[in-house]
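Student: One structure follows; several queries about it will come next.
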Amino acid sequence: MDMTAPGKPCVLRVDPRDDVAVALVDLEAGATLGIDGTDGAPLRAQERVARGHKIALVECPVGLPVRKYGWPIGRATQPIAAGAWVHEHNLASALDGLLPAPGAWPETRATAPPEAGRDGPASAAGPGIGAARFEGYVRADGRVGTRNEIWVIATVGCVARTVERIAREGQRRAAARVDGVHAFSHPLGCSQLGGDLAATRSLLAALASHPNAGGVLLVGLGCESNQLAALLAALPGLDRRRVRAFNAQQQADEYEAGFDAVEELIAVAATDRRESRPVADLRIGLKCGGSDGFSGLTANPLLGRVTDAISAAGGSALLTEVPEIFGAEAVLAARAADAATAAAFTRLVNEFRSDFIAQGQPLDANPSPGNRAGGITTLEEKSLGAIQKAGRATLTHVVPYAGSASERGLGVLAAPGNDAVSTSALAAAGCTLVLFTTGRGTPLGCPVPTLKIASNSTLARAKPAWIDFDAGPILDGEDAAALAAHLLELVLATASGRPARNELNDERSLAIWKRGVTL
């Protein structure tokens, strides 16, 4: 990492092999970068380069790879001079086709790409857990929740407003006896077929079995494809004391029936108490959204340190957004626990790549307009920054969409990059907290506490009601290990009941991944 400009650094090079650096401030033409060129003379910006965007450190010939994080992030589409702005006008993705079998890939390093301020061995990467614990709710199946809430879940979109009204009244009646009463509605559950319907049912069943729910009310209409009886049959280890269900068509007054059911569930859940639990009982989801040019330099690697610490302590961390792994697959596959895990991961990625190809869509359709405005040019660049949320932990398991993550360590969950869909999938997989990094900001929350980690201090200052933690000080030279220790403290406090910003703002949404035809 080069941060050698006099005074406050103006650029950051992540890896000594990189062809580009990231501008830490707006650079005007002629500005000195603080890095010497190959001729030994100080490098200067040849044109204006906005904060968060890339500037070339060496000449990049047309057609050859351009490196960041020590890895190719695309190919130069025209000759790029040292000191030039590097973005869409002169850099393009090189993604193409399906992945070969893991053994046929080019030689890869078994650790994540280098990151800002983290050059030590993996064993020293994360903050020490020591005797740290959190206060959680132990459920009958041994899982530990971070909340004790009543969830009112719709089986079908037709009763979406019904469950919302029931939950509002339930919250009023709860009187702090539980951590909250919340509705989770969605527009699906009818006019679905086959695997598409089965996925909807499986995801709702997984949510209804979540350890953060001390009680669940399932509300159906009665005539939908997602029949209530089939959904109840899909619930693993159904605890009748903690589940109520009815179809609105069969009730004289569905609201009164719902109010009564919630009252019964509150009475059961109100007897639950938090207990001191080891970090090994934590299940965290890893997510990024609204990324910018600093996400892969600050917030994502900072979260990676926390992931390493929790994984090393026996806890679980789940990475998702499979299309935002494209171009960085080799890094994760090289860290797979065994050949079977590497093969399962490769199959998962190729399933997603095949969908793009079958639909005639380019693999590099990502990054989003907001990502590009923030300085991210290609999907390879976005992916190499995004996977740093996974730290350097060993990849131990692969989880299907709407599946439950039961293994410890780092896993990859099948879900798209869409923020609402992927965070909902993380919750359904059993994550009791989601850690969400962002460079541009979003108020979005999912069914579980969703901690927002800003990649830059400008965002943290502008949106204090959205942001839970500021990773921006890393750019000013603050020690990343110390900052990671503070983030871990926040994670444990949130797991113990401290509300996340999304909870304070009542931002909780459920989105289901629809892939089939609609009748």
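The values are calculated or read from the model by the stated rules, or taken from the named source; none is laboratory data. Keep in mind that what you see is a predicted model, and the values were worked out from it rather than measured. Please note: Cβ atoms are built from the backbone with ideal geometry, for glycine as well, and neighbour counts cover all protein chains shown.
Student: Considering Ala233, Ala213, Ala206, which residue is out of contact with any Gly (no Cβ under 6 Å at 6 or more places or on another chain), outside the structural domain of Gly497 (by TED's automatic domain parsing) and surrounded by fewer than 17 Cβ atoms within 10 Å (Cβ to Cβ)?
Tutor: On the way: Ala213 fails: surrounded by fewer than 17 Cβ atoms within 10 Å (Cβ to Cβ); Ala206 fails: surrounded by fewer than 17 Cβ atoms within 10 Å (Cβ to Cβ).
Being out of contact with any Gly (no Cβ under 6 Å at 6 or more places or on another chain), outside the structural domain of Gly497 (by TED's automatic domain parsing) and surrounded by fewer than 17 Cβ atoms within 10 Å (Cβ to Cβ) holds for just one of Ala233, Ala213, Ala206, which is Ala233.
Student: Do we find a residue being assigned to a helix (DSSP H, G or I) and surrounded by 20 or more Cβ atoms within 10 Å (Cβ to Cβ) anywhere in region 394-408? Give the derivation first.
Tutor: Just the residues of region 394-408 that are assigned to a helix (DSSP H, G or I), to begin with: none.
So far as region 394-408 goes, no, none of its residues is assigned to a helix (DSSP H, G or I) and surrounded by 20 or more Cβ atoms within 10 Å (Cβ to Cβ).
Student: Would you confirm whether or not region 421-429 contains a residue that is surrounded by fewer than 24 Cβ atoms within 10 Å (Cβ to Cβ) and over 19 Å from Leu303 (Cβ atoms)? Write out each step before concluding.
Tutor: The first filter runs over region 421-429 and keeps only residues surrounded by fewer than 24 Cβ atoms within 10 Å (Cβ to Cβ), leaving 421.
Filter once more, keeping what is over 19 Å from Leu303 (Cβ atoms): 421.
So far as region 421-429 goes, yes, one or more of its residues are surrounded by fewer than 24 Cβ atoms within 10 Å (Cβ to Cβ) and over 19 Å from Leu303 (Cβ atoms).
Student: Condition test on Glu254, is it over 29 Å from the mean Cα position of the chain (by Cα) and surrounded by fewer than 17 Cβ atoms within 10 Å (Cβ to Cβ)? If you could, list the steps in order and put the result at the bottom.
Tutor: Details: over 29 Å from the mean Cα position of the chain (by Cα): yes; surrounded by fewer than 17 Cβ atoms within 10 Å (Cβ to Cβ): no.
No, not satisfied.
Student: Scanning region 476-500 for residues that are assigned to a loop (DSSP other than H, G, I, E, B) and not hydrophobic (A, V, I, L, M, F, W, C), which turns out modelled with the lowest pLDDT?
Tutor: In the first step, residues of region 476-500 are kept if they are assigned to a loop (DSSP other than H, G, I, E, B); the result is 477-479, 496-500.
Now restrict to residues that are not hydrophobic (A, V, I, L, M, F, W, C): 477-479, 496-499.
Values: Gly477: 88, Glu478: 92, Asp479: 93, Ser496: 98, Gly497: 98, Arg498: 98, Pro499: 98.
Top of the filtered list is Gly477.
Student: When the residues of region 457-471 are narrowed to those that are assigned to a helix (DSSP H, G or I) and touching a strand residue (DSSP E or B) at 6+ places or on another chain (Cβ under 6 Å), which ends up surrounded by the fewest Cβ atoms within 10 Å (Cβ to Cβ)?
Tutor: Here is the first cut: in region 457-471, the residues assigned to a helix (DSSP H, G or I) are 457-462.
Add one more test, that the residue is touching a strand residue (DSSP E or B) at 6+ places or on another chain (Cβ under 6 Å), and what stays is 457, 460.
Numbers: Ser457: 18, Ala460: 21.
Result: Ser457.
Student: Moving on. Is it fair to say Gly290 is surrounded by fewer than 24 Cβ atoms within 10 Å (Cβ to Cβ), under 30 Å from Ser455 (Cα atoms) and either under 15 Å from the mean Cα position of the chain (by Cα) or of a type in the set (Phe, Trp, Tyr) (or both)? Spell out the reasoning first.
Tutor: On the way: surrounded by fewer than 24 Cβ atoms within 10 Å (Cβ to Cβ): yes; under 30 Å from Ser455 (Cα atoms): yes; either under 15 Å from the mean Cα position of the chain (by Cα) or of a type in the set (Phe, Trp, Tyr) (or both): yes.
Against the criterion (surrounded by fewer than 24 Cβ atoms within 10 Å (Cβ to Cβ), under 30 Å from Ser455 (Cα atoms) and either under 15 Å from the mean Cα position of the chain (by Cα) or of a type in the set (Phe, Trp, Tyr) (or both)), Gly290 qualifies.
Results for (1) surrounded by 14 or more Cβ atoms within 10 Å (Cβ to Cβ); (2) under 26 Å from the mean Cα position of the chain (by Cα); (3) of a type in the set (A, V, I, L, M, F, W, C); (4) at pLDDT 95 or above, shown as yes or no for each residue.
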{"position": "Ala5", "(1), (2), (3), (4)": "yes, no, yes, no"}
{"position": "Val14", "(1), (2), (3), (4)": "yes, yes, yes, no"}
{"position": "Val25", "(1), (2), (3), (4)": "yes, no, yes, no"}
{"position": "Trp71", "(1), (2), (3), (4)": "yes, yes, yes, no"}
{"position": "Ala84", "(1), (2), (3), (4)": "yes, no, yes, yes"}
{"position": "Asp96", "(1), (2), (3), (4)": "no, yes, no, no"}
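Student: List the residue pairs whose Cβ atoms are under 7 Å apart, where the first residue sits in region 181-204 and is basic (Lys, Arg), the second is part of a helix (DSSP H, G or I), and the two are 6 or more positions apart or on different chains.
Tutor: Arg201/Ala230; Arg201/Leu231
Student: Return a yes/no flag: does region 370-385 have any residue that is under 20 Å from Gly315 (Cα atoms), surrounded by 24 or more Cβ atoms within 10 Å (Cβ to Cβ) and touching a helix residue (DSSP H, G or I) at 6+ places or on another chain (Cβ under 7 Å). Please lay out each step first, then the result.
Tutor: In the first step, residues of region 370-385 are kept if they are under 20 Å from Gly315 (Cα atoms); the result is none.
There is no residue in region 370-385 that is under 20 Å from Gly315 (Cα atoms), surrounded by 24 or more Cβ atoms within 10 Å (Cβ to Cβ) and touching a helix residue (DSSP H, G or I) at 6+ places or on another chain (Cβ under 7 Å).
Student: Keeping to region 352-404, report how many residues are closer than 30 Å to Leu204 by Cβ and acidic (Asp, Glu).
Tutor: 1
Student: Would a scan of region 273-280 turn up a residue that is of a type in the set (A, V, I, L, M), surrounded by 22 or more Cβ atoms within 10 Å (Cβ to Cβ) and under 31 Å from the mean Cα position of the chain (by Cα)? Walk me through it before giving the result.
Tutor: First, pick out the residues of region 273-280 that are of a type in the set (A, V, I, L, M): 279-280.
Then keep just the ones that are surrounded by 22 or more Cβ atoms within 10 Å (Cβ to Cβ); that gives 279.
Remaining after also requiring under 31 Å from the mean Cα position of the chain (by Cα): 279.
Checking region 273-280: at least one residue is of a type in the set (A, V, I, L, M), surrounded by 22 or more Cβ atoms within 10 Å (Cβ to Cβ) and under 31 Å from the mean Cα position of the chain (by Cα).
Student: While we're on this one: Can you name every residue in region 49-93 that is in contact with a Phe, Trp or Tyr (Cβ under 7 Å, 6 or more places away or on another chain) and in a loop (DSSP other than H, G, I, E, B)?
Tutor: First, pick out the residues of region 49-93 that are in contact with a Phe, Trp or Tyr (Cβ under 7 Å, 6 or more places away or on another chain): 49, 52-53, 55.
Answer for region 49-93, where residues must be in contact with a Phe, Trp or Tyr (Cβ under 7 Å, 6 or more places away or on another chain) and in a loop (DSSP other than H, G, I, E, B): Gly52, His53.
Student: Within the set of pairs 6 or more residues apart or between chains, which connect a residue that is more than 15 Å from Arg353 (Cβ to Cβ) and assigned by TED's automatic domain parsing to the domain that holds Ala390 inside region 328-339 to a residue that is among the small types (Gly, Ala, Ser) and part of a loop (DSSP other than H, G, I, E, B) with Cβ atoms less than 7 Å apart?
Tutor: Pairs that qualify, where the first residue is more than 15 Å from Arg353 (Cβ to Cβ) and assigned by TED's automatic domain parsing to the domain that holds Ala390 and the partner is among the small types (Gly, Ala, Ser) and part of a loop (DSSP other than H, G, I, E, B), are Val331/Ala112; Ala334/Ala110; Arg335/Ala110.
Student: Please list, ordered by first then second residue, the pairs with beta carbon atoms under 7 Å, 6 or more apart or interchain, first in region 74-85 and at positive phi, second surrounded by fewer than 19 Cβ atoms within 10 Å (Cβ to Cβ) and among the basic types (Lys, Arg).
Tutor: Gly83/Arg44
Student: With the checklist (1) exposed (fewer than 15 other Cβ atoms within 10 Å of the Cβ); (2) among the acidic types (Asp, Glu); (3) closer than 30 Å to Arg168 by Cβ in hand, flag the one item Glu489 doesn't pass.
Tutor: Going through (1) exposed (fewer than 15 other Cβ atoms within 10 Å of the Cβ); (2) among the acidic types (Asp, Glu); (3) closer than 30 Å to Arg168 by Cβ one by one, Glu489 breaks only (3).
Student: Another one. What pairs come up if the first residue lies in region 304-318 and is of a type in the set (S, T, N, Q), the second is modelled with pLDDT of 95 or more and part of a helix (DSSP H, G or I), and their beta carbons are under 7 Å apart, counting only those six or more places apart or on different chains?
Tutor: Every condition considered, the pairs that remain are Thr307/Lys389; Thr307/Ala390.
Student: Still on this structure: Given the criterion over 26 Å from Glu164 (Cα atoms) and under 20 Å from the mean Cα position of the chain (by Cα), identify the matching residue among Leu451, Leu487, Leu475. If you could, list the steps in order and put the result at the bottom.
Tutor: Working: Leu451 fails: over 26 Å from Glu164 (Cα atoms); Leu475 fails: under 20 Å from the mean Cα position of the chain (by Cα).
Just a single option satisfies the conditions, and that option is Leu487.
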